[in-house]
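Some notes on the structure that comes next.
The values are calculated or read from the model by the stated rules, or taken from the named source; none is laboratory data. What you see is a predicted model, and the numbers here were worked out from it, not measured in a lab. Quick reminder, even Gly has a Cβ in these numbers, built from the backbone with ideal geometry, and neighbours come from all protein chains shown.
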């Protein structure tokens, strides 16, 4: 599930929880969540029918396409493209208009895609809407670059601020061990302050596909610091667009400038990070530099954060040493790395939502005796 989609689902789940607990009237809750009453009723209906997965954003793609472009027009578009292979959809739409065929450029582009007439480098159209944070330090994106060309098992670790594109850290750790990454993150938190949230992919050391829920000691440490975690869609790196774009610039520099000897590699990375942040203008920032848009976070790093306080009326239970939860006469696997930690149980009819701090870990279905991981 892409991080932006998870934000939508997260909002809806919190609405359902608040409504089930009777914290406020439905009218007041709808006003608080900035939705209409019919929308609120719809979210509740979807949750009752399908649980957490039922409130996720549904595809708006129509089941049928009654207005699909006529075959004769599609053939003409293909003919023009072959006559002028270097012309894009906008230019071809002008030609079609001169022939009396009024058709939007977006439709021409879709026809070219269906016909296999779009070059690989032109296949991804620029997004009409950028999903990004408004202010620095609301979200940091983190990833390891591909090791190709770096003569190491893993490429540099990059941390990029979503709003400003400022590179918080760029380090050739040479490893994906959680301890090494945590040490580098601590240094970043001390220097730059704390972000509100972080976005990563489903890779080590912040994700473990072999463990229940996928959580690792590193991701739990980040949650304990009060950072909300999001994970990009599996095999969809575009949801980490800022850090991927930075990696593209870094790869271009590696190819054209070359890398120094291994002992000088970190100095080379430091120089590139300074250039990228302070000297290189960025088109998405109106040709401003990332450093001109970024500022240190107002939230300082606290290595010993205070204990989390669940609501006074919350149902709280500690996980067993195996990471299991004993409930209704059976044991449910929740999260091994959280063994012994207190979790909050929110019961909604025949389902139980298991939260660690503010993060939903798992959904238990008491009726079917099944459980589902709450995919972050």
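Brief remarks on what is shown
- In segment 22-33, the count of residues that are assigned to a loop (DSSP other than H, G, I, E, B), modelled with pLDDT of 85 or more, farther than 28 Å from residue 162 by Cβ and over 29 Å from the mean Cα position of the chain (by Cα) is one or more.
- Some residue of segment 39-51 being touching a residue at least 40 places away in the same chain (Cβ under 8 Å) and touching a helix residue (DSSP H, G or I) at 6+ places or on another chain (Cβ under 6 Å): yes
- Residue 367 meets the conditions (1) surrounded by 13 or more Cβ atoms within 10 Å (Cβ to Cβ); (2) part of a loop (DSSP other than H, G, I, E, B) in every case but one. The failed one is (1).
- Scanning segment 123-150 for residues that are touching a helix residue (DSSP H, G or I) at 6+ places or on another chain (Cβ under 9 Å), exposed (fewer than 14 other Cβ atoms within 10 Å of the Cβ) and modelled with pLDDT under 85, we see that the one that is nearest to residue 231 (Cα to Cα) is 131.
- As a summary of the residue check, residue 325 satisfies the conditions (1) within 23 Å of residue 184 (Cβ to Cβ); (2) not assigned by TED's automatic domain parsing to the domain that holds residue 147 except for the one numbered (1).
- Filter result (touching a strand residue (DSSP E or B) at 6+ places or on another chain (Cβ under 9 Å), within 22 Å of residue 310 (Cα to Cα) and at pLDDT 90 or above) within segment 196-222: 196, 197, 219, 220, 222
- Residue in segment 260-283 that is under 21 Å from residue 140 (Cβ atoms), free of Cβ contacts under 8 Å to residues at least 12 places away in the same chain, touching a strand residue (DSSP E or B) at 6+ places or on another chain (Cβ under 9 Å) and not in a helix (DSSP H, G or I) present: no
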